[in-house]
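Before any comments, here is the structure.
The values are calculated or read from the model by the stated rules, or taken from the named source; none is laboratory data. Fair warning: this is a prediction, and the values are worked out from it, not measured in the lab. When we count neighbours, we look across all protein chains shown, and the Cβ atoms used for this are built from the backbone with ideal geometry, even at glycine. When the accessible area is computed, the model is the full protein with side chains, heavy atoms only, and any ligands, DNA or RNA have been set aside. Shrake-Rupley method; radii C 1.70, N 1.55, O 1.52, S 1.80 Å.
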Amino acid sequence: MPYTYLEEIAIADVAFEARADTREALFVEAGDALMNVMVEDLKSVRPLVRRSFHAQAEDLERLLFEYLQQFIFFKDAEQLLLRVSKVAITQETGVLGLTAEAAGEKIDPSRHDLNADVKAVTLHRFRVRNEPAGLIATVVLDI
Amino acid sequence: MAVPRELRQISDAVWELPVSWKPGMRVPARLYGTRDLVEHFDDGVFEQAANVATLPGIQKYSFCMPDGHWGYGFPIGGVAAFDPDEGVISPGGIGFDINCGMRLVATNLTCGEVEPHLHRLVDRLFERIPSGVGSTGFVKLDEDEFLDVVEQGSRWCLRNGYALPEDLELTEEQGCMEGADAAKVSHKAVQRGHNQIGTLGSGNHYLEVQVARKENIFNPGLARAFGITMPDQVVVMYHCGSRGFGHQVATDYLHVLLDVMERVYGIRIIDKELACAPFRSPQGQDYFSAMKCAVNMSFANRQVILHRVREVFSDVFGKSPDDLGIRQVYDVTHNTAKLEEHVIDGRRRRVLIHRKGSTRAFGPGMEGIPERYKPFGQPVIIGGSMETGSYLLAGVESGDQTFYSTAHGSGRVMSRHSARKKYQGKKLVREMQFRGIYVRTASLRGLAEEAGGAYKDIDAVARASELAGISTPVAKLTPIGNIKG
């Protein structure tokens, strides 16, 4: 699996590591890792409604942070479970820009096997590192 | 990690890490707990209590309560007082779930009277008090109305028929922190929170129907004063907070403060999650106002849930809430920063107290607790795991040693992941039912994460707080029904 949950980083919370070859693929995996904390079977989320995410940041870590926040935002503000299929990252005058196309549906406890609610993305050990094997993001979520 | 060698025992349940333990510590760290509890603190507790001790303007000690464990920035159970003129305010000292808190409600029903109706009662509570991922409440508010709620807290509930005047009197801060300014919160926070009034949330948030068994009343006088007056009396206890609204306020300001902390104010910190700003700075004051909005949202959330509890009991037992003796005992907050007056080195001073996973525990006679409780001290409600029970305690005079702060719960000892491997939700439901606890949950896996074995021994936490002289046990309350997000 391109993302794995880390055992003992945050005792009351959930941590994950996502891996991919490109920044865009890393963001897709990290989004799924966050969503999978809240819903057990990602395949149960049907692509019935679409939302676009937009974010800007000075570095890739902050961009990932802003991007992940959007899943939490739409879950609370519109009760949507979303998955991202396509991410585009641009760079202009030192600022990174992100556009992501997300699709999903309203939370339905009768159809979605729900787990714990994610309250926030934290900065604890938040990191994106470039290794020979690819890009690796470490993220700790407050539950 | 082993307990640091430099840790010195001050008394039976008080331990100290000297300023020499970590570079930059301005004051020693004091950790509360019996030897057994302290030896089982995770690594983070010592490190983080020491990190907090490096923050500008900290007074006396950086504290950690007996239920302490690793948190973001401050440990959970962390308490620190700052000089308002020279010190800082830090979202990491308050937590993401601002004013996560506990409310205890008494009834005049006994366990024997409730048991025949228990399943219907718990089922109805589960239906009427939404919980779990993305749940929305029954109070439908547009964004403008929600801004009134966050500025007015439980007062808004009183005006709109969701509260009795007595409920407000029996809530910390009377259910509204003065100075909340909705202009200081982001639109995103409002969008996340405006439909969540009256919801429990998930994680460790729950509502329980509990019993005060005769053998679990440790101080009958105080129990009576707080409304626990008969054997096997049924009470309702719940734990929830400011939901997505508070989480967004915390996230927003973590970044605001990170941006200015070093660049503008020259403050260097050990851990990003300790982001802070001088309390008197514009950013510090903005966060304080926004935090108060989240505090008030949470008071309103617990108040609306009390309204639902009254409706459900009335419905199930066919009597009015008044005839059922449904009366709030008290409501306490866990995650806040507040300006309070305390005596420091013989001088009465105003300080900004951060309590994160810690309960205020004012002693007898102190200002700020309801008149009817003044002779007895403030009720303190600490939630245990869903299997083991919870405690009602009272503040004591000797609580001045921690700026009148005590534990807030039992504290996790096992990660969520490990708990899910060790326990199975369905099996847990059956086992709990066998032991007389009827559970309804929005998530069986979420339930497994909250198994009793994932938490510290609540009895040990209560005992340590008594031994240290920061609060005194009044009664242990054991569950017969539980709803979980």
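For segment A:9-143, build the convex hull from the C-alpha positions and give me its volume per residue in Å³.
Per-residue hull volume (Cα only) is 102 Å³.
Interface of B with A. Using a 1.4 Å probe and counting protein heavy atoms only, the two chains hide about 3300 Å² of accessible surface, both sides summed. Rounded to the nearest 20 debye, the dipole size of the protein assembly as shown about its Cα centre is 740 debye, using +1 on the Cβ of Lys and Arg and -1 on the Cβ of Asp and Glu. Peptide B:359-365 is shielded by partner chain Cβ atoms: per residue, an average of 0 of them sit within 10 Å of its Cβ. Treating each Cα of the protein assembly as shown as an identical point scatterer and summing with the Debye formula, the log10 of I(q)/I(0) at q = 0.07 Å⁻¹ comes to -0.39. Using a simple spin-label model with pseudo-atoms 7 Å out from Cα toward Cβ, A:Glu58 and A:Gln79 lie 4.0 nm apart.
Given only helices, namely DSSP H runs of n ≥ 4 each adding -39500 (n - 2.57), what is the per-residue ellipticity at 222 nm of the protein assembly as shown, to the nearest 500 deg cm²/dmol?
Details: 17 runs with 187 residues, N = 628.
Dividing the helical sum by the residues of the protein assembly as shown leaves -9000 deg cm²/dmol.
In this Cβ point-charge picture (+1 for Lys and Arg, -1 for Asp and Glu), segment B:73-146 has a dipole of about 500 debye about its Cα centre.
Here the peptides A:81-90, B:226-235 are ranked by packing, the mean other Cβ count within 10 Å, and the order with the highest first is B:226-235, A:81-90. All Cα-Cα separations within segment B:287-365 were binned at 5 Å from zero, giving a P(r) of 3, 12, 15, 17, 14, 12, 10, 8, 5, 2, 1, 0, each value a whole percent of the pairs. Ranked from largest to smallest solvent-accessible area, with a 1.4 Å probe on the protein heavy atoms, A:Lys119, A:Lys106 come out as A:Lys106, A:Lys119.
Set the Cα radius of gyration of segment B:228-359 against 2.2 N^0.38 Å, with N its number of residues, and you get 1.43. Once the Cβ-Cβ distance of A:Gln91 and B:Lys421 is raised to the sixth power relative to R0 = 41 Å, the FRET efficiency obtained is 0.45.
Going by accessible area, probe 1.4 Å, with all protein chains left in place, what is the ranking of B:Val150, B:Val396, largest first? Show your work: numbers first, answer last.
Details: B:Val150 0, B:Val396 30 Å².
Largest accessible area first, the residues go B:Val396, B:Val150.
Per-residue extension of 0.36 nm, minus the Cα-Cα distance of B:Arg349 and B:Glu6, leaves a gain of 120.4 nm for this segment.
Roll a 1.4 angstrom probe over the protein heavy atoms and tell me the percent of accessible area of segment A:3-142 that is carbon or sulfur. List each step's numbers first, then the result.
Details: 2710 of 5790 Å².
That share works out to 47 percent.
When Rg and Dmax are taken over the Cα atoms of chain B, they come to 21.0, 64 Å.
Contact with the other protein chains removes 30 Å² or more of accessible area, compared with the isolated chain and a 1.4 Å probe, from these residues of segment B:250-275: B:Thr251, B:His255, B:Lys272, B:Glu273.
Subtracting the Cα-Cα distance of B:Asp144 and B:Glu262 from 0.36 nm times their residue separation leaves 38.9 nm of extension gain. Label reach from B:Glu16 (point 7 Å along Cα→C-beta): in segment B:63-81, amide nitrogens under 20 Å belong to B:63-66, B:78-81. Would any residue of segment A:58-84 have its amide N under 12 Å from a label point 7 Å out along Cα→Cβ of A:Arg111? List them or say none. Only A:81 pass the distance filter. If the segment from B:Arg159 to B:Arg435 were pulled out straight at 0.36 nm per residue, it would be longer than the present Cα-Cα gap by 95.2 nm. Expressed in Å, the radius of gyration and Dmax of the Cα atoms of segment B:1-116 are 17.6, 61.
To put it simply, the accessible area of segment B:1-70 at a 1.4 Å probe is 47 percent carbon and sulfur. With each label modelled as a point 7 angstrom along the Cα→C-beta vector, the B:Asp36-A:Ile136 pair spans 4.0 nm. Near B:Ser418: Cβ cut-off under 12 Å, other residues only, Lys/Arg at +1 and Asp/Glu at -1. The net charge is +2.
For B:His117, the solvent-accessible surface with a 1.4 Å probe is about 70 Å², rounded to the nearest 10. Annotation: per residue accessible area for segment B:54-99 equals 15 Å², rounded to a whole number [probe 1.4 Å, protein chains only].
Per-residue mean of foreign Cβ neighbours for A:4-16 is 6 (Cβ atoms of other chains, 10 Å radius).
B:Arg124 sits with roughly 70 Å² accessible to a 1.4 Å probe, with DNA, RNA and ligands left out of the calculation. Rounded to the nearest 10 degrees, what's the angle between the helix B:143-152 long axis and the longest principal axis of chain B, both from Cα atoms, 0 to 90? It works out to around 70 degrees. The residues of segment B:198-357 expose on average 31 square angstrom of accessible surface per residue, using a 1.4 Å probe on protein heavy atoms. Remark: mean inter-chain Cβ contacts per residue of B:72-78 equal 2, using a 10 Å Cβ-Cβ cutoff to other protein chain atoms. With all protein chains kept in place, the per residue accessible area of segment A:3-142 amounts to 41 square angstrom at a probe of 1.4 angstrom. Within the accessible area of segment B:327-485, the carbon and sulfur atoms contribute 49%, probe 1.4 Å, all protein chains present.
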